[in-house]
Amino acid sequence: MLVGAGFGGLYAARALKRAPVDLTVIDRRNFHLFQPLLYQVATGALSPGEIASPVRHVLSRQRNTRVWMADARDIDVERRRLCLDGGEASYDTLVLAPGSSSQHYFGHDDWAPMAPGLKTIEDATEIRRRILRAFECAERETNAAERRAWLTFVIVGAGPTGVELAGALGEIANDTLRHDFRSINPRESTILLVEGTDRVLPSFPPDLSAKAERDLSRLGVQVRTRSKVTDLDSAGVAVQTGDAVERIPAKTVLWAAGVGPSGLGKIVADRTGAPLDKSGRLIVGPDLTLPGHPEIFVIGDLANFSHQTGKPLEGLAAVAMAEGRYVARAIQARLRGETPPPFHYFDKGTLATIGRNKAVAAFGRLHLSGPLAWFVWLFVHLMYLVEFDNRLLVLIEWIYDYITRNRGARLITGGQ
């Protein structure tokens, strides 16, 4: 049984296509979401259906696999049964890949309604609504101070998601909307990227962080490092840098400062006695199983695997994919009566895009930036899309956007 149809779960399921197993894939949603491109839905470059694929369709040719749309609520370890929102299901081997559950607001969950994160399609369309509505409200605002507040965008967190959101916002203000309004000039927007560490993209090498910050600056993004948000309401944010605190009027605040683990992790820890790290992830063994429970694998964002370098692997799509493939091989090895070797992750590098012809990529000692890194980013993300139809649609959209500098999915939907 496999819980979660994200990158880890889906890659494990597909790798078990010809295995002599009876596989049940369980997910609370009926689709696989390609989260690395979710920011493009949030900024009007792509539509939700172009980065999501129905799980049943993806696995429809696997005769050994069934798909259930359900929510895993609890686990009975002794009876080897998974408790769902609509009943129970038994398992011999359980693979947990539920991903992360929500944004992490560091004890300020009351900020969530005012500063949405980017985790789901609903998040993306809500962010798109807020961004585009801000320009619309500024267009008809007669008070200069209020207009500046509508044209001020604050993004909290300068990891890949924050940097990509900021870069896309810069392109929207400078290119996409430049001829659309009469009372405002979108290029006069203020885009502020707030980061608590000493540089943007802190998980990247320092030289690439510097290049990313330079590219952001060219797009009009103001970067504030060693800064943190201390207060937040519907009218703006308070940002502390050193001992100084500045109040910034801003109608649009977006949260990209990290995500929290799935709530299933705490439940599994209580039922199995497995240790949790301070982030709420389950600490797994060298073979990605829980201590004392070789029948339970944990992969993806819920797993803390630190046996290779002493540090936990990052919650990246590439890590989850590799773990999913490993688990499939481990299960098949067990069926042959063999003991699978420990999991080993081969680092394929990290990439982040800042905008048109602007990206950074690190492949070990090889560091790339500019157009070459951007083309690598495009290719990798196209290839990681699950279905060929999605690849074709996204490629066509990207070509169109590149030629016209237009974002065709600029729709304001939902909300007030």
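Here is how the numbers come out for the structure above:
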quantity	calculated
Subset of segment 280-301 that is touching a strand residue (DSSP E or B) at 6+ places or on another chain (Cβ under 6 Å) and not β-branched (Val, Ile, Thr) - its residue that is surrounded by the fewest Cβ atoms within 10 Å (Cβ to Cβ)	GLY280
Scope segment 66-101; condition among the polar types (S, T, N, Q) and buried (at least 22 other Cβ atoms within 10 Å of the Cβ); matching residues	SER100
Pick from segment 214-241, criterion in contact with a Lys or Arg (Cβ under 7 Å, 6 or more places away or on another chain) and over 25 Å from GLU146 (Cα atoms), ranking: surrounded by the most Cβ atoms within 10 Å (Cβ to Cβ)	ASP215
Members of segment 245-287 found to be within 24 Å of LEU118 (Cβ to Cβ), in contact with a helix residue (DSSP H, G or I) (Cβ under 7 Å, 6 or more places away or on another chain) and assigned to a loop (DSSP other than H, G, I, E, B), listed by number	ALA250, LYS251, ALA256, SER262, GLY280, ARG281
Among residues of segment 331-361, those that are among the aliphatic types (A, V, I, L, M) and closer than 26 Å to ILE399 by Cβ, counted	6
Any hit, segment 79-99, residues being more than 20 Å from the chain's Cα centre (by Cα) and under 24 Å from VAL380 (Cβ atoms)	no
Any chance ALA257 is under 22 Å from ALA361 (Cα atoms) and among the hydrophobic types (A, V, I, L, M, F, W, C)	yes
Failed item in (1) at pLDDT 95 or above; (2) over 24 Å from GLU213 (Cα atoms), with TRP374 passing the rest	(2)
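The values are calculated or read from the model by the stated rules, or taken from the named source; none is laboratory data. Remember, predicted model here, so these are calculated numbers, not experimental data. Reconstructed Cβ throughout: ideal geometry from the backbone, glycine too, with neighbour counts over all protein chains shown.
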